[in-house]
Amino acid sequence: MTRSEPRTAMVIGANGGIGSEVTNSLLKHGWNVRALVRNISTDHPLYPDNQIDWRKGDAMSSNDVLNASRGVDVIVHAVNPPGYRNWQQLAMPMLDNTIRAAIVNKARIVLPGTIYNFGPDVLDTPSEDSPQNPETRKGAIRKEMESRIEEATRLGATALIVRAGDYFGANAGNNWFSQCLVKPGKPVKAITYPGKRKTGHQWAYLPDVAETMVRLLDHDDVMEPFARFHMDGHWDHDGMQMIAAIRKAVGNPKITVRQLPWSIVNLLRPVSVFCHEASEVRYLWQESVRMDNAKLTAVLGAEPKTDLDVAVKTTLAGLGCIDPVINAVSGSEFTVPSLAAVQSRP
């Protein structure tokens with residue numbers, strides 16, 4: 001669908017992993033983009049062209065969010081409490097501020113969804129409308145977030161939730177790929193894999209997730225007020241496809257694969273944030289869970305999907321595990337900011 005005038009989206013969390021990718025995709029599609037940040041900098045590693053309307057403010061301040069969002073068509077809620085800490089105390093107030101702004105502006109909220117909302121009762125075939133009966137703290141919070149957004153659609157806002165598998169990408173923050181499979185900033189000497197052997201797992205390359213969201217926004221006229229879509233992403237049917245892609249990117253087909261020692265992870269739950277959060281969602285690594293993207297492809301025709309080898313190689317380069325990725329066509333280096341540079345931004 002084409003529009004005569006560009007629309008305006010405000011991104012809350014534009015300095016983060018998914019937020020930065022959505023911001024870049026919005027710019028590529030011709031949107032006007034605002035970004036709400038605590039500190040404004042004209043020298044930004046993710047946006048060297050500085051095409052963004054920066055607004056200074058705090059996602060925890062209702063007035064800041066309302067003032068920054070005046071006149072926007074879309075609010076991308078891509079902000080999370082740092083390091084998974086204080087979710088109940090921070091995540092809900094931030095979301096409520098986004099919801100108020102969306103109702104006032106009659107804007108569409110865009111939220112990156114997760115599989116955590118679903119409990120074991122529907123994991124064999126989770127659809128967009130499957131019952132949400134989470135058995136974890138994180139899942140309960142995510143369910144409540146979606147419930148509040150759905151209520152907002154009865155008060156004048158609209159919403160788009162895109163649910164995908166485990167994120168990976170050059171600029172991704174907290175995720176299994178960079179916190180478990182490999183070690184950022186170091187050559188890949190071994191791969192630590194958390195899943196059971198011969199058990200499928202769903203991955204999502206962050207730029208593909210962002211592109212999917214923005215393409216869906218171009219079909220606003222055919223979406224429900226409360227629209228939810230599932231991505232297929234990269235389906236690893238036996239747990240070995242991602243491992244093979246890492247080995248290929250590194251150029252070593254014999255890299256050792258180690259199993260994540262779950263007994264030690266459980267033991268360290270009281271003193272490690274990662275171990276605490278990881279142990280909660282272990283069940284997603286114990287059985288094959290694959291979301292179907294039929295609803296998504298019915299709207300877009302095809303899901304945006306970067307070749308797995310290219311995605312993994314670009315990710316490892318961004319994490320500082322291999323040398324910068326070379327564009328096979330132009331011979332030039334991809335300008336992928338390091339994860340450290342991204343995470344150093346406020």
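The values are calculated or read from the model by the stated rules, or taken from the named source; none is laboratory data. Owing to the predicted nature of the structure, the values given are computational and were not obtained by experimental measurement. When we count neighbours, we look across all protein chains shown, and the Cβ atoms used for this are built from the backbone with ideal geometry, even at glycine. For accessibility, only protein heavy atoms count, side chains too; no ligands or nucleic acids. Shrake-Rupley method; radii C 1.70, N 1.55, O 1.52, S 1.80 Å.
Observations, loosely collected:
- Rg then Dmax, both in Å and based on the Cα atoms of the range 131-284: 18.0, 57.
- Among beta bridges identified by DSSP and lying wholly in the chain, the antiparallel ones come to about 10 percent.
- Rounded to two decimals, the Cα radius of gyration of the range 139-188 over 2.2 N^0.38 Å is 1.69.
- The chain - percent of accessible surface contributed by carbon and sulfur, probe 1.4 Å: 49
- Both the radius of gyration and Dmax for the range 194-332 are 17.9, 50 Å, in that order, over alpha-carbon atoms.
- Rolling a 1.4 Å probe over the heavy atoms of the protein chains gives the chain an accessible area of 45 Å² per residue.
- Here is the list for the range 92-159: GluC sites (Glu not before Pro) lying in DSSP coil, each with at most 14 other C-beta atoms within 10 angstrom of its C-beta, are 135.
- Using C-alpha pairs under 8 Å with a sequence gap of at least 6, the mean separation divided by the residue count of the chain gives a relative contact order of 18 percent.
- Coarse-grained scattering of the range 58-134 at q = 0.18, 0.19, 0.23 Å⁻¹, given as base-10 log I(q)/I(0) from a Debye sum over alpha-carbon atoms: -0.81, -0.86, -1.02
- For residue 254, a cut-off of 23 angstrom between C-alpha atoms picks up these lysines, skipping any fewer than 8 places away in its own chain: 183, 186, 189, 196, 198, 313.
- Residue 89-residue 297 pseudo-label distance in nm [points 7 Å out on the Cα-to-Cβ vector]: 4.6
- Size descriptors for the chain, from the alpha-carbon set: Rg then Dmax equal 19.5, 58 Å.
- Backbone phi angles across the range 95-109, fed through the Karplus curve with coefficients 6.51, -1.76 and 1.60 (θ = phi - 60°), yield HN-Hα couplings of 5, 4, 5, 5, 4, 4, 5, 5, 5, 4, 8, 6, 9, 9, 7 Hz in residue order; Gly and Pro are listed as x.
- With a Förster radius of 35 Å applied to the beta-carbon distance between residue 243 and residue 219, the computed FRET efficiency rounds to 0.45.
- Degrees between helix 241-250 axis and first principal axis of the chain (Cα, 0 to 90, nearest 10): 80
- Most to least packed among 308-321, 270-283 [average Cβ atoms within 10 Å]: 308-321, 270-283
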